[in-house]
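Structure first, then comments.
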Amino acid sequence: MAKVSPLAKYKLVFLGDQSVGKTSIITRFMYDKFDTTYQATIGIDFLSKTMYLEDRTVRLQLWDTAGQERFRSLIPSYIRDSSVAVIAYDVANRQSFLNTSKWVEEVRTERGSDVIIVLVGNKTDLVDKRQVSIEEGDNKAREFGIMFIETSAKAGFNIKPLFRKIAAALPGMETLSSTKQEDMVDVNLKSGGNSSQNTEQQGGGCAC
Amino acid sequence: MFGPQSKRDIALEWQAQFPMLRQSIHARRANLVVKFQDLYGFTVEGNVDDVNVLNEVREKVRQQGRVWWALEASKGANWYLKPQVPSISEGIGLKSSLKFSGFVNAITLKKLIRKGIPPVLRPKVWFSLSGAAKKKSTVPESYYNDLLKAVEGMDTPATRQIDHDLPRTFPGHPWLDTVEGHAALRRVLVAYSFRDSDVGYCQGLNYVAALLLLVMKTEEDAFWMLAVLLENVLVNDCYTNNLSGCHVEQRVFKDLLAKKCPRIASHLEALGFNVSLVATEWFLCLFSKSLPSETTLRVWDVLFYEGAKVLFHVALAIFKMNENELLLTHQVGDIISILQRTTHHLFDPDELLTVAFDEIGFMTTNTISKQRKKQETEVMKELDLRLRRLNSLNEK
């Protein structure tokens with residue numbers, strides 16, 4: 001397999017109450033699909049994806065976490081290693097929105113202010129069931145000084161913008177977090193995934 | 001179907017066509033994906049090799065069935081509950097030492113269970129050997145039904161979480177993912193959440209209870225198996241509010257890995273890989289979410305007879321089986337991929353259990369208990385510290 005120059009590598013941890021759509025957001029981003037039959041995440045799950053931006057290529061490591069309250073005690077070590085925390089809530093579930101404050105605190109406890117936090121209001125497709133307005137989400141994000149976006153993993157709405165937004169906020173190429181050589185073949189991409197990127201990754205082996 | 005020679009030819013052909021894919025035969029043929037149903041109705045995606053292995057496993061299960069039935073016929077039904085019954089292998093003239101024959105029976109049973117309990121006998125054997133039958137016998141006959149009646153219509157955080165998880169528990173399974181299956185699973189989980197309010201409901205138990213339902217056939221027996229599992233077989237507090245028991249097991253496992261597979265352990269350490277990344281799910285779901293169903297149940301066969309240390313044996317074996325590949329990894333993601341791929345394709349239970357018990361070697365429950373004690377203090381300190389940090393942040 002072709003070795004390439006080190007990619008900038010970033011860890012993103014996905015937090016939020018159960019069933020707000022953390023796994024769905026990740027799956028939409030990874031494979032551009034939505035499934036109603038996800039298994040509940042237990043503990044932590046891991047996926048990685050190479051993202052091709054206009055001026056650079058970054059490798060994102062996505063850490064999906066279990067939403068149930070008691071699993072919180074398992075998560076700090078993942079937060080500690082992450083440069084980005086995506087805190088999701090369900091716009092049709094007010095409690096999940098209120099609980100995002102706890103998640104922000106959890107991240108601040110581990111990382112202080114040295115972290116990018118994005119508040120994500122998911123499930124905007126549930127128009128009739130909405131319990132949290134976009135203004136409320138926006139206000140909360142301002143209050144905490146974090147980024148904000150609304151998405152629908154089901155409808156495929158705003159998922160790419162979410163990740164572009166994150167990528168744009170990441171520290172630049174000059175501060176590479178990765179010191180190790182990496183293979184370009186992304187073993188985590190299963191069949192049925194984003195095939196164009198897949199081929200690109202397998203074929204592209206420039207040794208710069 | 002194919003002889004070993006033709007298999008190799010095919011492999012070579014594939015290699016010629018796809019020079020990119022030069023891993024194992026397994027990986028090369030992985031492109032030919034077929035969907036099939038396993039012994040317990042789960043749809044599995046695998047390649048041709050996997051189908052062949054699964055067919056072999058079916059045949060082995062049949063053979064094991066014959067062995068067990070022969071034993072029932074010669075030693076009497078429930079022979080495994082009466083270690084005093086002289087073993088036939090000793091012959092009629094040799095029943096001088098009942099103690100000795102009991103010992104022989106225990107050894108026979110242990111070996112036999114490691115080779116697998118036939119699916120038809122599982123409900124009966126599990127129920128007796130795990131202690132579930134005894135547990136059930138200490139309460140009135142109507143306990144389970146009374147409990148169900150008492151909690152009907154109750155709405156608690158546990159019931160809400162259970163309702164969230166029902167459709168997310170083995171989705172697509174022909175029985176579990178039906179109205180009937182959801183209702184049965186719900187009753188078992190809800191009933192248990194009221195039996196032990198410290199545990200209530202913890203994610204992960206949904207997978208365990210679902211598989212118990214498939215094996216035990218009746219809800220009530222599945223309920224008692226869940227009870228004996230949480231209350232007697234596993235260590236305490238694995239599923240309670242801060243999962244402290246689970247934290248302890250992870251740390252003990254980390255130490256065991258360093259002892260039993262030092263090369264892997266130091267490589268993982270160098271890459272900053274924490275074993276809890278994969279082991280949390282293994283221990284909380286008792287492998288039901290990672291291994292194919294029959295393989296999981298073979299692990300549970302031994303778990304119910306030999307106790308919680310079996311989980312360490314199996315977890316260590318999964319690492320051990322991938323030693324060479326793991327030592328070549330450069331990043332955390334690759335480690336996880338290797339382990340996930342291997343576990344999902346472990347269709348041959350004997351392959352796993354042979355490594356787990358023969359290669360990993362002996363570990364006494366006593367040694368593990370000592371290690372647990374040692375880690376317990378550390379875990380409690382750390383969890384407490386975390387709580388205090390969170391609280392102080394709240395006060396600001």
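Could you say whether any residue in the range B:376-393 is more than 13 Å from chain A (Cβ to nearest Cβ), under 26 Å from the mean Cα position of the chain (by Cα) and either at pLDDT 90 or above or surrounded by 20 or more Cβ atoms within 10 Å (Cβ to Cβ) (or both)?
Yes, because at least one residue in the range B:376-393 is more than 13 Å from chain A (Cβ to nearest Cβ), under 26 Å from the mean Cα position of the chain (by Cα) and either at pLDDT 90 or above or surrounded by 20 or more Cβ atoms within 10 Å (Cβ to Cβ) (or both).
Suppose we filter the range B:168-180 for residues that are part of a loop (DSSP other than H, G, I, E, B) and either more than 21 Å from the chain's Cα centre (by Cα) or within 13 Å of chain A (Cβ to nearest Cβ) (or both); how many remain?
Final tally of qualifying residues: 9.
Tell me, yes or no, whether the range B:95-105 has at least one residue that is in a helix (DSSP H, G or I), modelled with pLDDT under 90, surrounded by 18 or more Cβ atoms within 10 Å (Cβ to Cβ) and more than 14 Å from chain A (Cβ to nearest Cβ).
Of the range B:95-105, the ones in a helix (DSSP H, G or I) are B:98-105.
Within this subset, residues satisfying the condition of being modelled with pLDDT under 90 are B:98-105.
Now narrow it down to the ones that are surrounded by 18 or more Cβ atoms within 10 Å (Cβ to Cβ): B:101, B:105.
Right, trim to more than 14 Å from chain A (Cβ to nearest Cβ) and you get B:101, B:105.
Yes: the range B:95-105 contains one or more residues that are in a helix (DSSP H, G or I), modelled with pLDDT under 90, surrounded by 18 or more Cβ atoms within 10 Å (Cβ to Cβ) and more than 14 Å from chain A (Cβ to nearest Cβ).
If you check B:ASP198, B:ASP165, which single one turns out to be within 14 Å of another protein chain (Cβ to nearest Cβ) and buried (at least 19 other Cβ atoms within 10 Å of the Cβ)?
The conditions single out B:ASP165.
Looking for whichever is within 14 Å of chain A (Cβ to nearest Cβ) and either under 21 Å from the mean Cα position of the chain (by Cα) or charged (D, E, K, R) (or both) here; the options are B:LYS289, B:LYS309. Which one fits?
B:LYS289
Do any residues in the range B:56-76 that are under 16 Å from B:GLU294 (Cβ atoms) have Cβ atoms under 8 Å from those of residues that are exposed (fewer than 13 other Cβ atoms within 10 Å of the Cβ), where the two are at least six apart or on different chains, and which pairs are they?
Every condition considered, the pairs that remain are B:GLY65/B:VAL120.
Output the residues belonging to the range A:33-47 that are in a loop (DSSP other than H, G, I, E, B) and not polar (S, T, N, Q). Let's see the steps before the verdict.
Within the range A:33-47, the subset in a loop (DSSP other than H, G, I, E, B) is A:33-43.
Scanning the range A:33-47 gives A:LYS33, A:PHE34, A:ASP35, A:TYR38, A:ALA40, A:ILE42, A:GLY43.
Would you mention how many residues in the range A:82-124 are part of a helix (DSSP H, G or I) and more than 8 Å from every other protein chain (Cβ to nearest Cβ)?
Counting residues in the range A:82-124 that are part of a helix (DSSP H, G or I) and more than 8 Å from every other protein chain (Cβ to nearest Cβ) gives 13.
Which condition does B:PRO140 not pass, out of (1) more than 28 Å from B:THR295 (Cβ to Cβ); (2) part of a helix (DSSP H, G or I), if it passes all the others?
With respect to (1) more than 28 Å from B:THR295 (Cβ to Cβ); (2) part of a helix (DSSP H, G or I), B:PRO140 is out only on (2).
If only one of B:LEU213, B:LEU189 is modelled with pLDDT of 95 or more and under 24 Å from B:ARG298 (Cβ atoms), which one is it?
Working: B:LEU189 fails: under 24 Å from B:ARG298 (Cβ atoms).
Just one listed residue meets the conditions, B:LEU213.
Looking for something under 16 Å from the mean Cα position of the chain (by Cα) and away from chain A (no Cβ under 14 Å) - is there at least one such residue anywhere in the range B:234-241?
The answer is yes; a qualifying residue exists.
Taking the range A:123-138 as the region of interest, how many residues are β-branched (Val, Ile, Thr) and buried (at least 17 other Cβ atoms within 10 Å of the Cβ)?
2
Looking at the range B:151-164, can you tell me whether even one residue there is outside any loop (DSSP other than H, G, I, E, B), in the same structural domain as B:LEU229 (by TED's automatic domain parsing), more than 20 Å from B:GLY204 (Cβ to Cβ) and not hydroxyl-bearing (Ser, Thr, Tyr)?
yes
Residue-by-condition table, conditions (1) crowded, with 18+ Cβ neighbours inside 10 Å; (2) of a type in the set (D, E, K, R):
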{"site": "A:PHE97", "(1), (2)": "yes, no"}
{"site": "A:GLU110", "(1), (2)": "yes, yes"}
{"site": "A:GLY121", "(1), (2)": "yes, no"}
{"site": "A:GLU150", "(1), (2)": "yes, yes"}
{"site": "A:GLY156", "(1), (2)": "no, no"}
{"site": "A:LYS160", "(1), (2)": "no, yes"}
{"site": "A:LEU170", "(1), (2)": "yes, no"}
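On the basis of being in a helix (DSSP H, G or I) and modelled with pLDDT under 50, does B:ALA16 make the cut?
When the stated conditions are applied, B:ALA16 passes them.
From B:ALA183, B:ALA133, which residue is away from chain A (no Cβ under 14 Å) and either in contact with a strand residue (DSSP E or B) (Cβ under 8 Å, 6 or more places away or on another chain) or more than 17 Å from B:PHE304 (Cβ to Cβ) (or both)?
B:ALA183
Please give the number of the condition B:LEU226 fails out of (1) within 14 Å of chain A (Cβ to nearest Cβ); (2) in a helix (DSSP H, G or I).
So the condition that B:LEU226 fails would be (1).
Regarding the range B:287-305, can at least one residue be identified that is crowded, with 23+ Cβ neighbours inside 10 Å and of a type in the set (Lys, Arg)?
yes
Checking the condition at pLDDT 85 or above, farther than 19 Å from B:ASP165 by Cβ and not in a strand (DSSP E or B), which residue from A:SER73, A:SER19 passes?
Unique residue meeting the criteria: A:SER73.
Specify the residue that is farthest from the other protein chains (Cβ to nearest Cβ); the eligible residues are those in the range B:321-368 that are surrounded by fewer than 18 Cβ atoms within 10 Å (Cβ to Cβ), assigned to a helix (DSSP H, G or I) and more than 20 Å from the chain's Cα centre (by Cα).
B:ASN366
The values are calculated or read from the model by the stated rules, or taken from the named source; none is laboratory data. As the structure is a prediction and not an experimental result, all values here were calculated from the model. Note that each Cβ is placed from the backbone with ideal geometry, even for glycine, and that neighbours are counted across all protein chains shown.
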